[in-house]
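Please read the structure below before turning to the comments.
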Ligand code: PMP
């Protein structure tokens, strides 16, 4: 019998794609995925999970949306939860199509999802300070008429927030050109700058995307879109029924209602550790370190690939970004012990002890 040639059956745009994360490298210290380093157990805030698994989840996720809405001082009608913010990016692109415009480098999934559904992508390179090149960006809006614009601020993987004035200029210009702007605030909890929630009432083309993944609940898979409910009426047309399962709905609601002070404490600890790690990295001559408003730090270092491999050998996994930014590594902020171990190891590798 002939062997099935799967590749020949792929849709054209899938043939060119690579899976987002092909493998997981086991390491003692995991500083690669921008997770929180602080273990959270269900028993920290739940004594009993009181749900019936024989029933489908609440398709409207009302209690969860109310709990999320309270945190952002809006109505639950302004909230759409998803199976991670990735799923919501997917729904946005499925609903509105392209072109999809975003700065480069940025979070890879905007491009991957757009390509996987066969939608045109347009990239606009960041300037030398990793801020938006606003003139170029506005030109592309005018020329390409994107349906969707994604701005991750703080940006992954560069760690900086984009200038508020530039973002506002883009939102206003996009509004005139009928483009939707999604500000991805996955890392906003770690930022000293104000986010864009206060501007939601001013612009009908603005949406904000957030997630619980970076603040202690990556394993839950819960992201949420914030915006006017007319968006959600349309996005609901492509949303899979019951996309947020009962356990996630229940646990996330309890976490938001009962565990929030602890979540905030963890966030403060991560910010303090980021500041300390940044200061320490500045002192290492062979490293160029970039300031960060997120829970990770970007650095450049000669022969970054070889250093990445040496770190793995020493049991420390970071993110190799050399294919995106020359000689770049991205280090997620760990516990103080993990950061100490990382510093000690990288100094040893560089001969700067
Ligand atoms: N947006 C940005 C900017 C991210 O960096 C990430 C995760 N790396 C996500 C969204 C996806 O987060 P989630 O776990 O909620 O799917």
Q. Among the residues of region 37-58, is there at least one that is within 30 Å of residue 336 (Cα to Cα) and in contact with a strand residue (DSSP E or B) (Cβ under 9 Å, 6 or more places away or on another chain)?
A. yes
Q. Could we say that residue 299 is under 21 Å from residue 187 (Cα atoms) and not in a helix (DSSP H, G or I) here?
A. yes
Q. Any idea which of (1) outside any helix (DSSP H, G or I); (2) on the phi < 0 side of the Ramachandran plot is the one residue 159 doesn't satisfy?
A. (2)
Q. Mind checking which residues of region 57-94 are within 16 Å of the ligand (Cβ to nearest atom) and part of a loop (DSSP other than H, G, I, E, B)?
A. 61, 83
Q. When region 184-216 is examined, which residues are found to be outside any helix (DSSP H, G or I), without any contact (Cβ under 8 Å) to a residue 60 or more places away in the chain and within 29 Å of residue 269 (Cβ to Cβ)?
A. 185, 194, 195, 196, 208, 212
**Q.** Out of 281, 256, 240, sole residue that is in contact (Cβ under 8 Å) with a residue 60 or more places away in the chain and either over 24 Å from residue 30 (Cα atoms) or in a strand (DSSP E or B) (or both)
**A.** 256
Q | Scope region 194-231; condition within 12 Å of the ligand (Cβ to nearest atom), buried (at least 22 other Cβ atoms within 10 Å of the Cβ) and closer than 21 Å to residue 173 by Cβ; matching residues | A | 209
Q) If you check residue 234 against the conditions, is it modelled with pLDDT of 95 or more, within 14 Å of residue 91 (Cβ to Cβ), touching a helix residue (DSSP H, G or I) at 6+ places or on another chain (Cβ under 9 Å) and more than 16 Å from the ligand (Cβ to nearest atom)? A) yes
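Here is a yes/no grid of residues against (1) touching a strand residue (DSSP E or B) at 6+ places or on another chain (Cβ under 7 Å); (2) within 16 Å of the ligand (Cβ to nearest atom):
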| residue | (1), (2) |
| --- | --- |
| 96 | yes, no |
| 100 | yes, yes |
| 142 | no, no |
| 169 | no, no |
Q.
All but one of (1) surrounded by 10 or more Cβ atoms within 10 Å (Cβ to Cβ); (2) at pLDDT 95 or above hold for residue 42; state the number of the condition that does not hold.
A. (2)
Q | Which listed residue is surrounded by 19 or more Cβ atoms within 10 Å (Cβ to Cβ), closer than 26 Å to residue 293 by Cα and within 11 Å of the ligand (Cβ to nearest atom), from 160, 155 | A | 155
Q.
Going residue by residue through region 29-38, is there one that turns out to be touching a helix residue (DSSP H, G or I) at 6+ places or on another chain (Cβ under 7 Å), surrounded by 13 or more Cβ atoms within 10 Å (Cβ to Cβ) and not in a loop (DSSP other than H, G, I, E, B)?
A. yes
Q) Only one residue in 75, 85 is loosely packed, with under 13 Cβ neighbours inside 10 Å, assigned by TED's automatic domain parsing to the domain that holds residue 188 and either farther than 30 Å from residue 231 by Cβ or at pLDDT 90 or above (or both). Which one? A) 75
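The values are calculated or read from the model by the stated rules, or taken from the named source; none is laboratory data. All figures in this text were calculated on a predicted structure; none of them were measured in a lab. Quick reminder, even Gly has a Cβ in these numbers, built from the backbone with ideal geometry, and neighbours come from all protein chains shown.
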